[in-house]
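Enquirer: Mind looking over this structure? Questions follow.
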Amino acid sequence: MPAMQPESRGDNEPGRLTEAEPCRMAEGGSGRLIAIASGKGGVGKTWFAITLAHALSRTGARVLLFDGDLGLANVDVQLGLTPELDLSSVLSGRATMAEAILRHPQGGFDILAGRSGSGALSAMGDALLERLLHLLREQSQCYDHVILDLGAGVERPLRRMVAAADILLAVATEEPTSLTDAYALLKLTWADTPAGDTRVVVNQAGTRSAGERTYATLRRACGTFLHQEPPLAGVVRRDEKVRDAIRRQSLLLVRHPSCPAGSDVEAIAASLVAGLERGRRS
Ligand SMILES: Nc1ncnc2c1ncn2[C@@H]1O[C@H](COP(=O)(O)OP(=O)(O)O)[C@@H](O)[C@H]1O
Ligand SMILES: [Mg+2]
């Protein structure tokens, strides 16, 4: 597919990726894998994954953003990037994972791009998927956080990737279909990994309290039928600035620093970092 260019990128010119810094594995990153999934498509996973990666990197953490949407990869499209190497280069043996990882110069985080629409990755067999997860786990030692932007649905490869992650952030919106799909995702992933660390992100909330009510609905359904209640990671408000940043293929926190949705994602990043610090002390 040809690279899609925005009408005007304005203040932000991240179009070229640079080489990632050599791995500082010796410094011992915690290598925490954070999966972003939702069940339903179009709820804001990719935008949230990008903005969370950026917010975490602004706290000084080493972050890798991995485009794990094997069918419709679009981290690169949202960011207006045209990487020469991507996940398919790694899986075909043309490049190592370290070679295919590139640095977003403005965001300060690293990216392993996907390959949109090739179909080959979504049809990946078990052995290849396990190899990919093995490589990713190895590479994660170079980072504090690895964010996995996953595709929609609850199919087996997606559930396998969720099971391989340390934390699942299940993204839902107030739309009933999004809530039922998030519930289905939680039910199935809990069946795979009963004690998994799962938290809910409510995105595109009209207000914080509306978002909290949406969360309460999901939590109650989980409590009643699954006998487990996922904690709330945070509410992200609906914000026109998000659409603007995506239209211009730029980072929200660069283009609109301290807008409501940006502040909400920064708060989620801060709580994830605080959780990591607590984990380190104990
Ligand atoms: N907090 C938000 N406020 C306003 N619009 C949002 C917000 N989050 C996401 N969106 C909109 O949702 C659309 C879909 O986002 P995307 O990240 O592609 O979703 P997904 O990866 O879940 O399919 C975006 O193009 C954007 O317009
Ligand atoms: Mg997406």
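Enquirer: Percent relative contact order of segment 28-281, based on C-alpha pairs within less than 8 angstrom and at least six residues apart?
Expert: Numbers: 483 pairs, mean separation 67.3, N = 254.
Reported relative contact order: 27 percent.
Enquirer: Return the percentage of antiparallel bridges among DSSP beta bridges fully within segment 28-281, rounded to the nearest 5 %.
Expert: Working: 3 of 31 bridges.
Around 10 percent antiparallel, to the nearest 5.
Enquirer: So what's the back-of-envelope 222 nm ellipticity for the chain, counting only DSSP H runs of four-plus at -39500 (n - 2.57) apiece and dividing by all residues, rounded to 500?
Expert: Computed ellipticity for the chain at 222 nm equals -12500 deg cm²/dmol.
Enquirer: Kindly rank 154-160, 45-51, 220-226 from highest to lowest mean number of other beta carbons found within 10 Å of each residue.
Expert: 45-51, 154-160, 220-226
Enquirer: Who wins for biggest fluctuation among 145, 104, 256 in a Gaussian network model of the chain, springs between alpha carbons below 10 Å?
Expert: 256
Enquirer: Given H placed on each backbone N at 1.01 Å, which residues far from residue 232 in sequence or on other chains put an amide H within less than 5 Å of it?
Expert: Under 5 Å from the amide H of residue 232: 200.
Enquirer: If you don't mind, another one. Select from 246, 38, 141 the residue farthest towards the positive end of the dipole of the chain; place +1 on Cβ of Lys and Arg, -1 on Cβ of Asp and Glu, and compute about the Cα centre.
Expert: My answer, from the dipole projection, is 38.
Just so you know, all these numbers are worked out from the coordinates, no wet-lab data involved. Values in this document were obtained by computation on a predicted structure and should not be read as measured data. Every residue, glycine as well, gets a Cβ built from its backbone with ideal geometry; the counts of neighbours run over all protein chains shown.
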